[in-house]
Structure formats: structure tokens, C-alpha cells
1. Is it true that Glu53 is assigned by TED's automatic domain parsing to the domain that holds His18, closer than 14 Å to Met32 by Cβ and loosely packed, with under 14 Cβ neighbours inside 10 Å?
2. Within the stretch 36-83, can you find the residues that are more than 12 Å from Trp94 (Cβ to Cβ) and in a strand (DSSP E or B)?
3. Is it true that Asp90 is in the same structural domain as Ser23 (by TED's automatic domain parsing), surrounded by 12 or more Cβ atoms within 10 Å (Cβ to Cβ) and modelled with pLDDT of 90 or more?
4. With respect to the numbered conditions (1) among the basic types (Lys, Arg); (2) farther than 30 Å from Gly140 by Cβ; (3) outside the structural domain of Cys36 (by TED's automatic domain parsing), which one is the sole condition not fulfilled by Lys117?
5. Would the stretch 147-159 turn up any residue that is within 26 Å of Glu99 (Cβ to Cβ) and at pLDDT 90 or above?
6. Can we say Arg138 is outside the structural domain of Tyr47 (by TED's automatic domain parsing), loosely packed, with under 15 Cβ neighbours inside 10 Å and at pLDDT below 85?
7. What are the residues in the stretch 99-126 that are of a type outside the set (Lys, Arg), under 20 Å from Arg46 (Cα atoms) and surrounded by 11 or more Cβ atoms within 10 Å (Cβ to Cβ), if any?
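The values are calculated or read from the model by the stated rules, or taken from the named source; none is laboratory data. Note that the structure is a prediction, hence the values are computed from the model and not measured. Every residue, glycine among them, receives a Cβ derived from its backbone with ideal geometry; neighbour counts consider all protein chains shown.
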Amino acid sequence: MKRKRPDLAERNRESARHGMAGSRTYNIWRHMKYRCESPASKDYPRYGGRGIELCREWSEDFVNFLQDMGEAPVGMQIDRIDNDKGYQKDNCRWATILEQANNKRTSRPLTFQGETKPVKEWAKQYGLEWKTLAYRLRAGWPPERALNTPSTIPRKGTRKNEN
């Protein structure tokens with residue numbers, strides 16, 4: 001009769017000195033390490049391949065990462081404050097998906113009336129398609145005109161005859 005094998009994740013949890021193998025926080029750390037340090041990762045070109053590194057302390061030991069960042073709050077992911085710097089305590093935070101999206105290298109900030117937000121957020125606030133706003137800004141429109149000029153093309157779901 002075959003003996004039942006213990007669940008691999010459970011076995012790893014029991015043998016790891018931190019007891020968090022398989023936890024959400026551990027998996028975030030593991031994936032962060034993989035995309036920065038393994039050329040086999042599909043994300044390596046955007047991370048390790050362009051010089052984004054984990055600090056030595058985090059790379060060598062999950063416990064150091066856990067002590068610096070704490071457990072991942074529900075609904076949050078690790079985010080680098082400055083996308084050109086690596087993963088280290090003073091450059092990382094737990095952020096929502098929206099905060100991460102607004103902090104991408106491709107996110108274009110716009111300052112208007114002393115407030116800086118991504119173009120997509122300004123477009124949403126002013127009822128414009130973000131592509132329309134981005135086009136206007138690239139064409140040299142000043143922010144006030146770009147934001148306050150109504151679009152001549154109706155947004156999806158805003159036609160007069162739609163319910």
C-alpha cells in the first residue's frame with residue numbers, strides 16, 4: 001500500500017525557517033527575485049536586463065525583505081517609487097494596482113493648476129478619452145485648453161440616444 005505524500009507546499013512551509021513558504025508575501029518576493037536575477041524570466045528584459053536589482057540583503061534572505069516591508073497588505077503589490085532604481089527598502093512600498101499603473105515608466109504625468117496626475121486620471125476627471133487628451137498635449141495644446149475643450153467625438157456610452 002502506498003504511503004500518502006505530504007502536500008509539497010505544506011512540507012516547504014514546515015521546513016522553511018520563516019514559516020512563510022507559499023504565502024502571498026513570499027511569492028511576491030520570489031517573483032521579484034526571479035524577474036531581476038533570472039534571464040529565463042520573460043520579464044527579465046524589463047527588470048534585471050535593464051539593471052533593476054534587488055538589494056543584497058533582500059536577494060540573500062526573504063526574512064530581511066519581510067522585516068523591511070512587512071507582510072503584503074490585502075490588495076497591494078510591491079512597487080518601486082523610482083522605476084529607474086532597484087528594489088530596496090527606501091525605494092519600495094506596498095501599492096494598489098491603480099497606484100502601480102500610475103507609476104509606470106510609460107505613464108505620462110501632467111501638471112495642471114499645481115496638481116500632478118497621470119494623463120489618464122485627468123482625462124477621466126474631465127470626461128475625455130485619454131487618447132484624445134494625449135494627442136492634444138503632443139500637438140502642443142496648453143493643458144487648460146486640452147482639458148476644457150469638449151471632444152467632438154462622443155465617448156462610448158455617451159451618445160444621446162443610448163439608455
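1. So Glu53 fails the test.
2. Leu54
3. Here the answer is no, as Asp90 does not meet what is asked.
4. It is condition (2) that Lys117 fails.
5. For the stretch 147-159, residues within 26 Å of Glu99 (Cβ to Cβ) and at pLDDT 90 or above: present.
6. Spelling it out, it is not the case that Arg138 is outside the structural domain of Tyr47 (by TED's automatic domain parsing), loosely packed, with under 15 Cβ neighbours inside 10 Å and at pLDDT below 85.
7. Answer for the stretch 99-126, where residues must be of a type outside the set (Lys, Arg), under 20 Å from Arg46 (Cα atoms) and surrounded by 11 or more Cβ atoms within 10 Å (Cβ to Cβ): Glu99, Gln100, Ala101, Asn102, Asn103, Ser107.
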